[in-house]
1. Taking the options THR105, THR67, name whichever one is of a type in the set (S, T, N, Q) and surrounded by fewer than 17 Cβ atoms within 10 Å (Cβ to Cβ).
2. Return the residues of the range 7-21 that are part of a strand (DSSP E or B) and charged (D, E, K, R); say none if nothing qualifies.
3. Taking into account only those residues within the range 121-145 that are outside any loop (DSSP other than H, G, I, E, B) and charged (D, E, K, R), which is nearest to ASN189 (Cα to Cα)?
4. Please state which one of ALA171, ALA198 is buried (at least 22 other Cβ atoms within 10 Å of the Cβ), touching a residue at least 24 places away in the same chain (Cβ under 8 Å) and in contact with a Pro (Cβ under 6 Å, 6 or more places away or on another chain).
5. Across the range 22-36, what is the total count of residues that are on the phi > 0 side of the Ramachandran plot and outside any loop (DSSP other than H, G, I, E, B)?
6. Restricting the search to the range 85-125, which residues are within 15 Å of the chain's Cα centre (by Cα) and aliphatic (A, V, I, L, M)?
7. Can you go through SER176, SER100 and tell me which one is modelled with pLDDT of 95 or more and more than 20 Å from VAL312 (Cβ to Cβ)?
Amino acid sequence: MGLLRARVRGRDLKASLDRTSDILPGMILLVTTLRNERIRMPYFLDYYRKMGVGHFLVIDNGSQDGTVEYLKEQPDLSLWETKASYARAHYGIDWMNDLSRRYGTGHWVMTVDADELLVYPHCDTRPLRALTDWLDSLELRSFSAMLLDTYPEGRIAEAIYREGQDPLEVAPWFDSGNYMITRNPRLKNLWIQGGVRARAFFDKKPVSAPALNKIPLVKWSANMVYVSSTHMLLPRGLNLVYDSWGGEKASGVLIHTKFIGALLPRAAEEAGRAEHYGGAAEYQVYAEGLGDDTTLWCDKSVRYLNWRQLEVLGLMSKGNWA
């Protein structure tokens, strides 16, 4: 069903910059869907280029802030545009599944949002290719990463992000605890909730807090599809990113830099558009709960340092990757 749906919704996409002929065998690809993310694009693209991504497959869903014009200037990027419903495409996942099927089969494919930065074991000294080669040597086809929300020390409204800046310069703090993990018996994936969003926005109903489990890096084959965002995949075996025999599989963290000043007007806009999951219920919570005086920092907040710090805190693992 997911494959058929991806093919059907893929018809929504119109290529406005097609450089897919530049994709070489074995090249690591990145797929993303975005809207009005012009200010984030320079750092985002540079971050993943330095990591080792060879080509970007980008879907723009009706940007009006110069995003499209900027992306068309990039030499290692192919761009599709659509004004079709994001919600109807299962929040963009159908579009990304279709591009991954068409161009990513046989490649390691990274699927992330514009406000997500992957951190993995040894990322300070080893390129992404070292990680994928190691995964290949173990015949592993998927790599998980927990979403870690970061936020500023002071008021969110005053955390002004400037183009090209590392977003961790303005929002470097995170919650090191308060995470709940369960297993999905049907699709075999872990389900993680908690952190600052559960603490600050869903404290009265933590079971409704956003899912933090993601599988952003996959060795793609034509029979694969994401089922719900990048939280879980089919075939189900791709979701077995944990070791059920008592050890730990290697995993990473997706630094999620949503909580900056630009979120305040965006939350109101997205709550009104109602194109996100559950009628944009999460954005409605932000629109109601965020104000000019809102701060998320508390005396238990931790300032981000590096991947080793996250491993010590138990938020990611290098497993047996020495």
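The values are calculated or read from the model by the stated rules, or taken from the named source; none is laboratory data. All figures in this text were calculated on a predicted structure; none of them were measured in a lab. As a convention, Cβ positions derive from the backbone with ideal geometry for all residues, glycine included, and neighbour counts pool all protein chains shown.
1. Working: THR67 fails: surrounded by fewer than 17 Cβ atoms within 10 Å (Cβ to Cβ).
It is THR105.
2. If the condition is that a residue be part of a strand (DSSP E or B) and charged (D, E, K, R), then LYS14 is the only one that fits.
3. ASP136
4. So the residue among ALA171, ALA198 that is buried (at least 22 other Cβ atoms within 10 Å of the Cβ), touching a residue at least 24 places away in the same chain (Cβ under 8 Å) and in contact with a Pro (Cβ under 6 Å, 6 or more places away or on another chain) is ALA171.
5. Final tally of qualifying residues: 0.
6. Those that are within 15 Å of the chain's Cα centre (by Cα) and aliphatic (A, V, I, L, M): ILE93, MET96, VAL109, MET110, VAL112, ALA114, LEU117, LEU118, VAL119.
7. None of the others qualify; the one that does is SER100.
Quick grid of which residues meet (1) free of Cβ contacts under 8 Å to residues at least 12 places away in the same chain; (2) surrounded by fewer than 17 Cβ atoms within 10 Å (Cβ to Cβ); (3) assigned to a strand (DSSP E or B):
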{"site": "ARG49", "(1), (2), (3)": "no, yes, no"}
{"site": "VAL53", "(1), (2), (3)": "no, no, no"}
{"site": "ILE59", "(1), (2), (3)": "no, no, yes"}
{"site": "SER63", "(1), (2), (3)": "no, no, no"}
{"site": "LYS83", "(1), (2), (3)": "no, yes, no"}
{"site": "ARG88", "(1), (2), (3)": "no, yes, no"}
